There are 6 protein chains.
Amino acid sequence: MVTGALETHGDHLPLGTDIINPAYLAEKVARKTKALMLPPIPFGDSWSFDVFKGTVSLRPETLLMVYRDVMTAVLRQGITFIVALNGHGPNAAILQQAAQAATEGSAGAIIIVNWWLDVAKEARAKVLQTPEGHAAEDETSEVLAVRPDLVDLTAARKARVRTEFRIVSASRREALLPRGMYGEPETATAEKGKTIMQAAEDELVRLVQQLENGKLPIAD
Amino acid sequence: MVTGALETHGDHLPLGTDIINPAYLAEKVARKTKALMLPPIPFGDSWSFDVFKGTVSLRPETLLMVYRDVMTAVLRQGITFIVALNGHGPNAAILQQAAQAATEGSAGAIIIVNWWLDVAKEARAKVLQTPEGHAAEDETSEVLAVRPDLVDLTAARKARVRTEFRIVSASRREALLPRGMYGEPETATAEKGKTIMQAAEDELVRLVQQLENGKLPIAD
Amino acid sequence: MVTGALETHGDHLPLGTDIINPAYLAEKVARKTKALMLPPIPFGDSWSFDVFKGTVSLRPETLLMVYRDVMTAVLRQGITFIVALNGHGPNAAILQQAAQAATEGSAGAIIIVNWWLDVAKEARAKVLQTPEGHAAEDETSEVLAVRPDLVDLTAARKARVRTEFRIVSASRREALLPRGMYGEPETATAEKGKTIMQAAEDELVRLVQQLENGKLPIAD
Amino acid sequence: MVTGALETHGDHLPLGTDIINPAYLAEKVARKTKALMLPPIPFGDSWSFDVFKGTVSLRPETLLMVYRDVMTAVLRQGITFIVALNGHGPNAAILQQAAQAATEGSAGAIIIVNWWLDVAKEARAKVLQTPEGHAAEDETSEVLAVRPDLVDLTAARKARVRTEFRIVSASRREALLPRGMYGEPETATAEKGKTIMQAAEDELVRLVQQLENGKLPIAD
Amino acid sequence: MVTGALETHGDHLPLGTDIINPAYLAEKVARKTKALMLPPIPFGDSWSFDVFKGTVSLRPETLLMVYRDVMTAVLRQGITFIVALNGHGPNAAILQQAAQAATEGSAGAIIIVNWWLDVAKEARAKVLQTPEGHAAEDETSEVLAVRPDLVDLTAARKARVRTEFRIVSASRREALLPRGMYGEPETATAEKGKTIMQAAEDELVRLVQQLENGKLPIAD
Amino acid sequence: MVTGALETHGDHLPLGTDIINPAYLAEKVARKTKALMLPPIPFGDSWSFDVFKGTVSLRPETLLMVYRDVMTAVLRQGITFIVALNGHGPNAAILQQAAQAATEGSAGAIIIVNWWLDVAKEARAKVLQTPEGHAAEDETSEVLAVRPDLVDLTAARKARVRTEFRIVSASRREALLPRGMYGEPETATAEKGKTIMQAAEDELVRLVQQLENGKLPIAD
């Protein structure tokens, strides 16, 4: 199960950045394991970006129903473990909520992997020079590695509005995320992206193989 | 906007048949026109098939919210005409319901094209020897034309339970659609499929070009 | 279970046309069989007409809940077969959706009969001179047969906007269905209506008697 | 707008008691005034009775949507005052909730008349010998006046379980309302019913005429 | 379970009047019995007042979900009887609706006590000089007894618009409830309030002790 | 606006831990500033704990409606800034979702403060000896500072199941959070709690004063 978003990623990255990366990983992992891969769900909760051109956002209540229906259908088929490989921040809590309802009364377990947070941590620490963000050095490098044809590095310019607390305000979306950006993409390279993607792939393969052996990722 | 389903199509066709075909057409059409293409929505209302292996179905109320959110987001971007290229029967009414709500208070129009019904009619009449159905001669020919690697013609066997009226009964789904089939796929050929797809593509290009000229498909 | 709508039918037919006809049939059939008849549900999804005077429309999501609650209640009483005798187009898919949910986990079956499509086909072919429609020759003849006091034939005038594809557009409803009409009512007669209604009644009696014998309308 | 229920009324009254009476009144009143009458909504929230045979209940959330859609549609047509003539207790609060949402942002007003409580008070006090209830002396008399063919007085037997507080308990519905009854129907007569119905009709005509003069029923 | 509202109560009573009183009673009763007390739910359906300053209202559909979730959670813990001690009129029907759904399939029972109606009736009859209302003599006396620091008796002035029928109209809320008032608070005293609260407390203790003995408040 | 939960916190902390702490802070802050304080919402999304005794959880969809209704009501009163002081993890994303919808079309902004994460960071780093958790050293110290009467330190015992990824599984809730615990509470002291609470209070006062001056917490 792959979840992402269709939303503005500055002027230099494709709208589909948040689904291109995890879908790429999922395909790689599925090929190396016996896992079945569901078709990726291309839309997510992109409220913060839907004042920007090209963003198509689902409301959280819509997304909750989609994830729940999909998880329920899969668990009903007798599959016990679902890995939700997520590529977009606001989807994470909705995946959790959906998984709560979907596993109710079943023996199934759903493992939520926010791929940009939960895997390739060391690789990221090693190669990245600036903090992670939205259309920042990390995402730009990753798309450069996976779909370089969709990147226009000449348009990549830094933008980062720092807040002390989380501010939610419909009328201030452009002000808080200028040009649909949060980060410093200029230093991105395909090389960095490849390092991250490879590490992510390796760690995910390990997770899935562990699940195929009936073992959840619980530390002893 | 491309809508389909992930559901059993007999033993010889891929689960994604209903999305593979319209997605193929949409890509062709988008390339020949200036139309923007949204990422296909891979799941549909497949209730009739969700007792069969591999089907992942969204409830109608879920699908209604998804279509409505997507249409609303697109219309809000200033786009006036949306073609909903649909590949799956039960989605059609839900697209209509979503379009009703999404165009309320806007100048937009949504054109729903049930591609297996509304285009390539003459081509179908010419090449098909048996009635259309689900995983029948028509769909099998089409996938043979588009993704032959996903078809196992040796497994294609006829099944068709005829009813005088529409019967809806959860406990009779296997009885009404044996092996997730409705039709006679044995006579399918890639050639027939190509003829249908080409005609469909041509007619859709004409529709989109007409819309690009600001004209709705209203007969004079 | 009888479902219809309260909506504009040109200047010559009553708002209740879509419920008057099936309710008339249901009463006739109930009297000739042992079937129980539920009180008709007078409102339907009349979005396309609710810019016209007198239309009272329920949203699809409302109608879905109504049909589902009614079906669920009836099935819970131990009744196995429900015939949904429907008089209004957009209700059909919603009846299907409701029946999917209502029969889940039960042994019941719901037979959806769109009476203007599924019965009296031969009778219609024989007597009608113009294509069927909304407030067209067919419906006008039928109400002339059943409730002539509610028809004003002098106000019946042709209107029919032809479209190549289904167009849904809130701001174009008057343009697409001028005067809430689609068809040519001038040639309607009570005689034609009687022929249709009698054939419909006969076929429905046959269906209900078959169900009373525990047999679903499945062809051998 | 007429609202009622389809639910058990002891062994002597028809299921439709709660809609038969207000629909009768509404027709009378509509004939004597210029008011338009909507088709009655035959189902209500009959949860307390839906363990009894013949009851078809809508869930409160369904009913809320139905009432809201109907009220909204009517107010949108430019009608300012709607009288909701209600024949069933649990509907009352739902009508209020629907009216809150439907009048939001409009100049309209909805007058809710629980006819068994709000009109014919004096007439009731004069003719009734036992307290009002469900299928009790009052309702039995009223149906005897309006539809005597649907009453079986020989089956009318008293039942009344008194509680100090409102108890809601799915598993105790039969215990709290034995035989779907609450009251003493044996002393009912058509004469009493006629007196009540006539008074109710007169008071409702007065209300509607007052509204037709643009005046709400506010005491000076 | 204690339910109330946060809404305007004239110029002399606190917004929390409808929750302060029942919460005070619940604490008293819980201390004298073995009953567990849930934290009070401070918001209610205050639509009629939400044009007045300080009112925070939940929509009926929201409140229904809250009550249902809370009741379901408590019943699932193995608790059989829940007393819903309600301090606000429009909440009553919603509590009933929630209790219907929550007790479905369980052995539990929910007793709804609208404390201003169902207890201390005799005490009220004895001490009150004017009819009960909203921020009227009764409520003002009660808050004077419980939280005198929150009352400004100098601001208490009579207001009461009488209607013959229930009128629901968003644009007439200020007209129907001037200054968020309905009643005559001038004659309120702490003494009257104490008498009412003491009687209410005694009767509620009796109810809860009866429930602790496994007996519902059903008259013999 | 204060949000929390009613859920198991090991054997040594009160069910209301997640609401007691932020409510304490909110009262302190309200007294030192001109901010208005809403009554705390005592229930949250406690799905992970609702197999443990005493937990009363609201579903995410319920909570979303509650937060949205409250935020909408407050913004409609002309208040521009709302601080949502949250004491419970899973509420955070729901507050965000609610704030998205509530600020749509308004000039308002909602600042979400997850108090255990966003304030008193330095104080926590200074005094805590073990990682933060659920009923761990941090929360135990805080309740010892605020409501020592509700803590039973003798029952405090360590429990912490570590997972590599987020696992959601209804049937594994006890296994993943043994005794409703996650952390090492034995080293908790009131002194540590006081240091944290004081720092939190100071930082929140600063935030609110900044907002009272019309300035959002955006770094320059």
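Bear in mind these aren't lab numbers, they're just calculated from the coordinates by the rules spelled out. Every value quoted in this text rests on a predicted model; they were computed, and no experiment measured them. Every residue, glycine as well, gets a Cβ built from its backbone with ideal geometry; the counts of neighbours run over all protein chains shown.
Give me the net charge for the shell around D:E7: Cβ to Cβ below 9 angstrom, other residues only, Lys and Arg +1, Asp and Glu -1.
Numbers: positive: none; negative: D:D18, D:D50.
For residues surrounding D:E7, the net value is -2.
How big is the range E:177-220 by the Kirkwood estimate over distinct Cα pairs, in Å?
13.4 Å
Of the candidates C:G105, C:G193, C:G183, which one comes out as most mobile in a Gaussian network treatment of chain C with C-alpha springs shorter than 10 Å?
So, out of C:G105, C:G193, C:G183, the one fluctuating most is C:G105.
Taking 7 Å along the Cα-to-C-beta vector as the label spot, tell me the B:Q210-B:E122 distance in nanometres, rounded to one decimal.
Going from the B:Q210 label point to the B:E122 one covers 1.4 nm.
Taking the Cα-to-Cβ direction at F:S106 and at C:E186 and moving 7 Å from each Cα, how far apart do the two end points lie in nm?
Roughly 5.9 nm, to one decimal.
Residues in the range C:153-197 near a label at C:V51, defined as backbone nitrogen under 12 Å from the 7 Å Cα→Cβ point?
C:168-180
Over the range E:67-131, what per residue volume does the convex hull of the Cα atoms give, in whole Å³?
Value for the range E:67-131: 82 Å³ per residue.
What's the percent breakdown of Cα-Cα distances in the range E:1-81 across 10 Å bins, shortest bin first?
Once binned at 10 Å, the Cα pair distances of the range E:1-81 give 18, 40, 31, 10, 0.
Please identify, among C:I111, C:I20, C:I196, the residue showing maximal mean-square fluctuation in a Gaussian network model of chain C using a 10 angstrom Cα cutoff.
The residue that fluctuates most here is C:I111.
List the pairs from F:K28/F:K121; B:K121/B:K215; E:K53/F:K194; A:K32/B:K158 whose alpha-carbon separation is above 29 Å, in the order I gave them.
Where the Cα-Cα span goes over 29 Å, the pairs concerned are E:K53/F:K194; A:K32/B:K158.
If you take the Cα Rg of the range F:84-220 and divide it by 2.2 N^0.38 Å, with N the number of residues, what do you get?
So the range F:84-220 has a normalised radius of gyration of 1.23.
For the peptides C:126-138, B:207-219, what is the packing order when you average, over each peptide's residues, the other Cβ atoms within 10 Å and list the highest mean first? Mind dumping the intermediate values first?
Values: C:126-138: 19.3, B:207-219: 14.5.
My ranking of the peptides, most packed first, is C:126-138, B:207-219.
Ratio of Rg to Rh for the range F:1-48, alpha carbon only, Kirkwood?
1.06
How are the C-alpha pair distances of the protein assembly as shown spread across 20 Å bins, as whole percents from the shortest bin up?
P(r) over the protein assembly as shown, rounded to whole percents: 9, 36, 37, 16, 1.
How large is the Kirkwood hydrodynamic radius of the range C:1-157, in angstrom, based on all distinct alpha carbon pairs?
Evaluated over the range C:1-157, this radius sits at 16.2 Å.
In whole Å, how far is the Cα centre of the range E:109-123 from that of the range D:30-67?
About 29 Å separates the Cα centre of the range E:109-123 from the one of the range D:30-67.
Enter the mean number of other protein chain beta carbons within 10 Å of the beta carbon of each residue in D:101-111, as an integer.
Details: counts 6, 2, 7, 4, 2, 3, 4, 5, 7, 5, 7.
Neighbouring Cβ atoms belonging to other protein chains average 5 per residue here.
May I ask for the percentage of alpha-carbon pairs in the range D:149-198 that lie more than 13 Å from each other?
Values: 821 of 1225 pairs.
The answer is 67 percent, as a whole percent.
Explain nothing, just the number: dipole magnitude of the range B:100-220 about its Cα centre with +1 on each Lys and Arg Cβ and -1 on each Asp and Glu Cβ, in debye rounded to the nearest 20.
Values: 16 positive and 20 negative charges, 99 e Å.
Dipole about the Cα centre, nearest 20: 480 debye.
In nm, what does the list of distances from F:K53 to its counterparts in the other copies look like, shortest first, when each label sits 7 Å along Cα to Cβ?
F:K53 label point versus its equivalents elsewhere: 4.7, 4.7, 4.9, 6.3, 7.0 nm.
Compute the relative contact order of chain F as a whole-number percentage, counting only Cα pairs closer than 8 Å that sit 6 or more residues apart in sequence.
Relative contact order for chain F comes out at 24 percent.
For A:206-216, what's the mean count of beta carbons from other chains sitting within 10 Å of each residue's beta carbon?
Counting Cβ atoms of other protein chains within 10 Å of each residue's Cβ and averaging gives 1.
Quick one: if the Förster radius is 30 Å, what FRET efficiency do A:L36 and C:A219 give, using the C-beta to C-beta distance and rounding to 0.05?
The computed FRET efficiency comes out at 0.20.
From the Cα trace of the range A:106-148, what convex hull volume per residue do you get, rounded to a whole Å³? Before the final figure, lay out the partial values.
Details: hull volume 4.4 nm³, N = 43.
Cα-based convex hull of the range A:106-148, divided per residue, equals 103 Å³.
How large is the dipole of chain F about the Cα centre if only Lys and Arg carry +1 and Asp and Glu carry -1, each at its Cβ, rounded to the nearest 20 debye? Walk me through the numbers before you get to the answer.
Values: 24 positive and 28 negative charges, 24 e Å.
In debye, rounded to 20, chain F gives about 120.
Under the √(5λ) rule applied to the eigenvalues of the Cα gyration tensor, what semi-axes describe the equivalent ellipsoid of the range E:119-182? Give them in Å, descending. Write down the numbers at each step before the final one.
Details: eigenvalues 116, 54, 18 Å².
Working from the Cα gyration tensor, I get semi-axes of 24, 16, 9 Å.
State, in angstrom, two size descriptors of the range C:38-83 derived from its alpha carbons: Rg to one decimal place and Dmax to the nearest whole number.
Every Cα atom of the range C:38-83 included, Rg and Dmax give 13.3, 41 Å.
Most fluctuating residue of B:L85, B:L95, B:L153 in a GNM of chain B with Cα springs under 10 Å: which is it?
Residue with maximal mean-square fluctuation among B:L85, B:L95, B:L153: B:L153.
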